[in-house]
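Below is one structure, written out as structure tokens; comments come after it.
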Amino acid sequence: MSRRHIISLLMENEAGALSRVAGLFSARAYNIESLTVAPTEDATLSRMTIVTVGSEDIIEQITKQLNKLVDVIKVMDLTEGSHIERELMLVKLRAVGADREEIKRTADIFRGNIIDVTESTYTIELTGAGSKLDAFLEAIDSASIIETVRTGASGIGRGERSLKV
Amino acid sequence: MIFYQFMEATGAEIVVRCLAEEGVEFVFGYPGGAVLNIYDEIFKQNKFKHVLVRHEQAAVHAADAYARSTGRVGVALVTSGPGVTNAVTGIATAYMDSIPIVVVTGQVPTPAIGLDAFQEVDTVGITRPCVKHNFLVKDVKDLAATMKKAFIIAATGRPGPVVVDVPKDVTYHTTDFEYPATVEMRSYSPVVKGHSGQMKRAVQMLLEAKRPMIYAGGGVVLGDASEQLAELTRLLGFPITNTLMGLGGYPATDRQNLGMLGMHGTYEANMAMQHSDVLLAVGARFDDRVIGNPAHFAREQRRIIHIDVDPSSISKRVKVDVPIVGDVKNVLTDMLALLKQAKEKPDVAALNAWWTQIELWRSKNCLKYNRNSPIIKPQYVVEKLWEVTKGDAYVTSDVGQHQMWAAQYYKFDKPRRWINSGGLGTMGVGLPYAMGVQLAFPDAQVACITGESSIQMNIQELSTCKQYRIPVKVVTLNNRYMGMVRQWQEFFYGSRYAESYMESLPDFVKLAEAYGHVGMRIDRPEDVEAALKEAFSPALKERMVFMDFQTDQTENVFPMVEGGKGLSEMILAEEL
Ligand SMILES: Cc1cc2nc3c(=O)[nH]c(=O)nc-3n(C[C@H](O)[C@H](O)[C@H](O)COP(=O)(O)OP(=O)(O)OC[C@H]3O[C@@H](n4cnc5c(N)ncnc54)[C@H](O)[C@@H]3O)c2cc1C
Ligand SMILES: Cc1ncc(C[n+]2csc(CCOP(=O)(O)OP(=O)(O)O)c2C)c(N)n1
Ligand SMILES: [Mg+2]
């Protein structure tokens with residue numbers, strides 16, 4: 001049975017680090033829904049969050065293969081325990097006439113912020129689990145969407161559960 | 001020594017000194033613009049020997065064979081661009097069989113990278129999927145530590161090729177040089193010791209077995225654990241089989257050895273594998289050429305113990321019950337100790353019954369062939385080679401039917417004697433492999449069993465053999481076909497032999513002579529033994545000999561497990 005997994009990893013922040021991971025996923029035909037990467041508070045480390053879908057066997061192979069990359073320091077399947085997942089989305093919407101009020105109300109309900117305003121558009125910033133961002137897009141009239149940009153999920157374990165060197 | 005340390009050195013000097021510090025004996029390479037500074041330093045030193053090949057692919061194969069036969073890291077050096085792309089087949093070949101090599105590649109100067117400079121390729125990008133790791137050294141200050149890391153990574157854990165890409169400007173930049181004794185890598189620490197609880201469970205399971213089987217692979221050879229494997233196997237009295245890569249890991253002439261398993265494995269090995277109730281897999285990766293259809297293999301209930309240094313080899317294609325991650329030598333040593341302490345003993349009655357069954361399978365004599373043929377049978381040539389060399393030669397092969405006959409009929413009793421490309425199946429490895437081995441063991445008998453098609457894929461190396469007086473003996477099983485392709489076309493494509501006939505073959509005798517070697521053509525079975533004896537005689541000890549055996553064109557490799565079929569569903573010779 002395939003399930004969605006969020007895998008976090010720490011690796012050496014070196015040129016080409018990202019391509020090693022991306023290359024592994026494409027070479028072995030693993031799914032990749034999103035992948036985010038940035039340096040950590042320790043600039044020698046990169047932290048990556050990968051959202052993937054696969055059966056238990058595939059996910060086991062994915063974590064083993066990631067661990068095998070020489071630059072990878074630690075790998076954790078966040079979905080194996082309690083965790084928090086957040087994604088940032090920016091949405092630019094056509095907002096004219098009566099729609100302006102309606103859009104603002106919907107954004108409020110989803111705790112979104114309007115971060116740019118013109119006579120005809122709103123740009124809304126929204127943070128949450130991927131499912132919440134999906135729900136927002138569902139709630140908006142799709143005809144009014146000009147552009148969306150999503151960062152892909154970032155994740156962290158709850159409480160003492162952490163991924164550290 | 002002190003003199004060496006803390007002195008300014010150029011990048012090129014550093015590369016050369018690092019290789020010397022690593023105790024490298026041979027660097028197999030080919031020069032070009034990007035590595036000229038390194039070659040200039042090679043010219044000035046005498047710590048290691050540079051072997052000039054005739055094609056970069058051969059440089060990597062030779063370094064790979066040096067590693068396979070000695071257990072030490074092999075080294076190749078090639079220039080940027082085409083030098084690298086030519087080397088890729090060699091690197092991928094080493095990668096698939098987990099062979100420790102370091103390949104130093106030249107690169108365009110750092111300011112030119114990315115500008116489509118002359119002879120620029122993205123070496124790190126091209127090689128990434130077929131190396132254990134690779135480095136682009138952008139600063140000469142990182143060079144020595146990177147070289148050290150490359151050697152450590154190549155040789156430890158699951159071995160593999162490492163590429164170090166060195167831009168030309170880095171080779172003339174200078175820095176203080178000190179070769180580190182070791183380098184810590186927080187991201188790299190292979191597990192070497194087995195988990196004690198798992199090992200206890202494994203020993204318990206082995207002692208409970210009624211129909212046990214040991215399946216030993218290339219990991220035993222790579223991990224130098226054949227002694228421990230032999231002790232364990234004898235202590236338990238269990239049957240054992242080797243993969244193509246594991247041949248020699250347990251003596252082939254020992255009764256407990258059922259021979260190779262898999263697509264062209266013996267009847268007894270495949271049957272015992274399929275019907276075992278406890279399977280001990282040691283340094284083997286359940287390859288698709290080994291267990292056939294995994295669903296068919298899973299039909300019989302059995303418990304599986306799997307020892308492997310690479311966790312990703314475990315439960316990849318076949319689910320196992322007791323995974324043991326660790327170095328095979330350590331794990332087997334610990335398991336032997338546990339076994340000797342154990343109060344339980346193997347179930348002798350069950351084992352006897354199991355051996356009776358196995359002997360019945362063995363009595364099928366699945367490797368028999370027609371010994372009265374008026375045409376030379378390829379199997380006969382390999383058997384005679386085994387006799388003439390007293391089973392003590394290093395044997396390399398290319399890829400095809402001849403490779404399988406070499407594996408089936410040359411009985412390897414020692415590890416690191418059988419040198420071939422299993423995982424990638426690269427035609428053209430045979431001759432450069434033989435060179436790498438012969439240079440490592442100048443006094444040994446080295447034979448290259450090849451086909452008339454494969455040998456032409458690196459035939460230019462006859463020239464290298466001449467230059468360095470490398471006296472390898474080439475045994476060509478010349479069937480005028482890409483025999484392995486022809487066999488599949490006969491079985492599965494209605495005998496439509498599309499493009500598998502080798503037309504316009506050269507006169508190999510003349511060709512060998514043109515390169516300054518000894519050529520022989522053998523047409524009749526009665527001349528086979530004499531030819532081999534002559535080739536391996538003291539008179540020709542210093543000479544490279546090319547033997548062209550005209551073998552039966554229609555011979556096929558048996559047993560055979562067709563793709564997608566179960567391991568016990570073999571086609572045997574007599575069934576056709
Ligand atoms: C034409 C052709 C036909 C073939 N037919 C057959 C056939 O009939 N039968 C057959 O067996 N093969 C056959 N092969 C070869 C096959 O493709 C595979 O290459 C081979 O079976 C793999 O062998 P292996 O499982 O021993 O693994 P290897 O590739 O040798 O891998 C070694 C394993 O050991 C592990 N390891 C390495 N070092 C250590 C250590 N120190 N400690 C613990 N573990 C370690 C590695 O992680 C790896 O999992 C054929 C190839 C060709 C080209
Ligand atoms: C580089 C490469 N190209 C193609 C193949 C596919 N292939 C496998 S065996 C074979 C034929 C080998 O012929 P030969 O060397 O004459 O050996 P024989 O099978 O006749 O003994 C071919 C083409 C391969 N393994 N490697
Ligand atoms: Mg042939």
Members of segment B:138-154 found to be in a loop (DSSP other than H, G, I, E, B) and within 11 Å of chain A (Cβ to nearest Cβ), listed by number:
B:Lys138
What are the pairs with Cβ atoms under 6 angstrom where one residue, in segment B:253-274, is over 13 Å from B:Ala407 (Cα atoms) and the other, located anywhere, is modelled with pLDDT of 95 or more and aromatic (Phe, Trp, Tyr)? Sequence gap at least six, or different chains.
B:Asn257/B:Tyr250; B:Tyr267/B:Trp361; B:Glu268/B:Trp361; B:Met271/B:Trp361
Name the single residue, out of those in segment B:448-504 being in contact (Cβ under 8 Å) with a residue 12 or more places away in the chain and of a type in the set (Gly, Ala, Ser), that is farthest from B:Glu534 (Cα to Cα).
B:Ser500
Is there a residue in segment B:507-516 that is open to solvent by 10 Å² or more (accessible area, probe 1.4 Å), more than 12 Å from ligand 2 (Cβ to nearest atom) and β-branched (Val, Ile, Thr)?
yes
Out of (1) outside any loop (DSSP other than H, G, I, E, B); (2) at pLDDT 95 or above, the one B:Pro31 does not meet is (1)
Could you tell me how many of the residues in segment B:255-290 are of a type in the set (Gly, Ala, Ser), farther than 25 Å from B:Gly223 by Cα and assigned to a helix (DSSP H, G or I)?
1
Looking at B:Arg128, is it part of a helix (DSSP H, G or I), open to solvent by 40 Å² or more (accessible area, probe 1.4 Å) and under 24 Å from B:Ala63 (Cβ atoms)?
yes
Within segment B:393-413, restricting attention to residues that are of a type in the set (Ser, Thr, Tyr) and open to solvent by 10 Å² or more (accessible area, probe 1.4 Å), which residue is nearest to ligand 2 (Cβ to nearest atom)?
B:Tyr409
Name the residues in segment B:564-576 that are in a loop (DSSP other than H, G, I, E, B) and in contact (Cβ under 8 Å) with a residue 60 or more places away in the chain, would you?
B:Gly564, B:Lys565, B:Leu567, B:Ser568, B:Glu569, B:Met570, B:Leu572
For segment B:155-201, name all the residues that are polar (S, T, N, Q) and within 14 Å of chain A (Cβ to nearest Cβ).
B:Thr156, B:Ser187, B:Ser189
Regarding A:Ala139, is this residue surrounded by 18 or more Cβ atoms within 10 Å (Cβ to Cβ) and modelled with pLDDT of 95 or more?
no
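Conditions (1) more than 14 Å from chain A (Cβ to nearest Cβ); (2) aromatic (Phe, Trp, Tyr); (3) assigned to a helix (DSSP H, G or I), marked per residue:
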residue	(1), (2), (3)
B:Lys319	no, no, no
B:Thr333	yes, no, yes
B:Leu336	yes, no, yes
B:Lys364	yes, no, no
Restricting segment B:469-501 to residues that are of a type in the set (S, T, N, Q) and within 16 Å of ligand 1 (Cβ to nearest atom), the one farthest from the other protein chains (Cβ to nearest Cβ) turns out to be B:Asn479
Step by step: first the residues of segment B:27-55, then only those that are under 24 Å from B:Gln438 (Cβ atoms) and aliphatic (A, V, I, L, M), then the one that is most open to solvent (accessible area, probe 1.4 Å). Which residue is that?
B:Leu52
Under the condition of being within 14 Å of chain B (Cβ to nearest Cβ) and in contact with a Ser or Thr (Cβ under 6 Å, 6 or more places away or on another chain), which residue from segment A:1-29 is farthest from A:Leu88 (Cα to Cα)?
A:Glu12
Members of segment B:416-442 that are over 11 Å from the mean Cα position of the chain (by Cα) and either open to solvent by 10 Å² or more (accessible area, probe 1.4 Å) or closer than 20 Å to B:Thr70 by Cα (or both)
B:Met427, B:Leu431, B:Pro432, B:Ala434, B:Met435, B:Gly436, B:Val437, B:Gln438, B:Leu439, B:Ala440, B:Phe441, B:Pro442
Here are some residues: B:Ser454, B:Ser495. Which one is hydroxyl-bearing (Ser, Thr, Tyr), modelled with pLDDT of 95 or more and away from ligand 3 (no atom under 15 Å from the Cβ)?
B:Ser495
Kindly evaluate B:Tyr380 against the criterion of being open to solvent by 30 Å² or more (accessible area, probe 1.4 Å) and out of contact with any Gly (no Cβ under 7 Å at 6 or more places or on another chain).
yes
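The values are calculated or read from the model by the stated rules, or taken from the named source; none is laboratory data. Since the structure is predicted, the reported quantities are computational estimates derived from the model, not experimental observations. Backbone-built Cβ (ideal geometry, glycine too); neighbour counts: all protein chains shown. Protein only, heavy atoms only, side chains kept; ligands, DNA and RNA dropped before computing areas. Shrake-Rupley method; radii C 1.70, N 1.55, O 1.52, S 1.80 Å.
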